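Structure first, commentary second.
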Amino acid sequence: MNESCIIPTSPLLLNLSHVLVCVTAPVYISTCYILIFKCPAFFNQYRSVLLRHIFTCIFMEYFMDIIWQLTVVVPYSALCSMGLGYQYSVLMFSIVVAGLCATGISIMHMFEYRRNAVTDDSIKVLKRVITGVKYYHYFMMTSCMCLLIASYSHLADQKEFKMNIQSKFGSLPSYIWCDNCMFINTDSTTVLIFVGLAASSQPLAAVYFGLSVYASKLGLQKLRNSLSQKTISIQRNFLYSLYLQTAVHVIFISVPLGIFFISFIVYIPQSAMCKNFKSLKFQVSIFSDMSYILVAMCTQHGSLSTLALLMSNKPLYSVFTKTFLRMKLNLRGADRVSALEASSWYRSATSPNRERIVK
C-alpha cells in the first residue's frame, strides 16, 4: 500500500481488533470442539444448526479483521480498507453485506428449529404467517444483494462523490482519495434504494423473531401437561439461550451501523469548523477513537454470541466445565441431561401430528 494511503492512528487502536480476535479464538475452538466431539446424543440435529451459525460468524470475524480490516474515518464517514484486500474495497464491502445476510438467515434457521421443536399443528395459522414473513424477508435480502450488484459501478466510481464530500467538509486528507477508501454514494438512486431496503428489512426481521418467540411460548404452554418438568425446563433454557444470542447480534451490529449512518447524515458545515477549530479537532479525535471501538464491536459480534451460547446453554456449559475446567457441577436434578432422559423426553413428546421435541 502506498504510504500516502495509510491512515495515521495509534498502534493500540489499529491493532485493537487483532488483539480481540486472538483473545476470542479460544471461544470458537472450545465451542466447536464440544459441539463436534462432546455433544450429547439428543443434541445432534440442533448441533448442525448451531455449527452453521458459528462457522458464519467465524468467517465474518476473520474476514473483517484480516481481509477487509475496516477503518471508519470521521467526520467524513469514509470506509477505508487496511487489510489484504485493500485494493478491492467495494468488493470487500459487498462480501460483508452478503455475510450479514447469511448471519441473519442462520439466526432465522435457529428460531425455526426451536419453534418447530415445541409446537404442533394447533397453531397452524400462526406458523403459516411466520413462514410467510420468513420468505418475504428472504425476498428482501435477495433484492438487496441484486441492488448491491447493480450499484457496484456507482460505488466503485467515487471521484465525483468525494468532490461533493470535500465541498461539505473542506480539504480532505490525502488518504481519502485512495482507492482503499470509499463512501456510500448517496448521489446514486440505486444505492439509495439499496440502503432503504436494507434498513427496512430489519423491522421485518424483528417481526419474525417476535412471532417466533410468541409461537414458542404457546407451544411450551401446551406441552406442560404432556411432558415432564425436566423436558420443559431444558426446552425453555434452549429458547432463552437463543434469545440471548440474538440480543448480542442485534446490539453489536445495530449500534455501530446506526451510529455510522447518523454520522453520515449529520455533518458540521465548513463555517462552523472555522469558528470552533480547536473544539472540533478535539471532538473529531474522540469520535475517531470511538470509530475503532465500534468497528471492533461489529467484528466481535460472532464470538460474543458464541460465548453467550456456551455460557447460557446448560448442556453445553456442563460439558464445557467438565471438559476444560475439570469442575464437578452441583446441578439440580432438573438441570441434568442424560441419554436416558433424552430418550424419555422423546417418547413423551412424540405423538400423532406432533413434531419431535428433542432431536
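The residues 68, 177, when put in order of fewest to most other Cβ atoms within 10 Å, stand as 177, 68. Of the residues 54, 117, 69, the one whose Cα sits farthest toward the positive end of the charge dipole of segment 1-118, with +1 on the Cβ of Lys and Arg and -1 on the Cβ of Asp and Glu, is 117. In segment 35-75, Rg over Rh equals 1.29, where Rg is the alpha-carbon radius of gyration and Rh the Kirkwood radius from pairwise Cα distances. Computed on segment 33-142, the Cα convex hull volume stands at 132 Å³ per residue. Length gained on full extension, residue 136 to residue 224, computed as 0.36 nm times the residue gap minus the Cα-Cα distance: 28.4 nm. Our compactness index for segment 107-210, the C-alpha radius of gyration over the empirical 2.2 N^0.38 Å, is 1.57.
Laboratory data are not the source of any read-out in this text; all were calculated from the coordinates shown. Remember, predicted model here, so these are calculated numbers, not experimental data. Cβ: placed from backbone, ideal geometry, glycine included. Neighbour counts: every protein chain shown.
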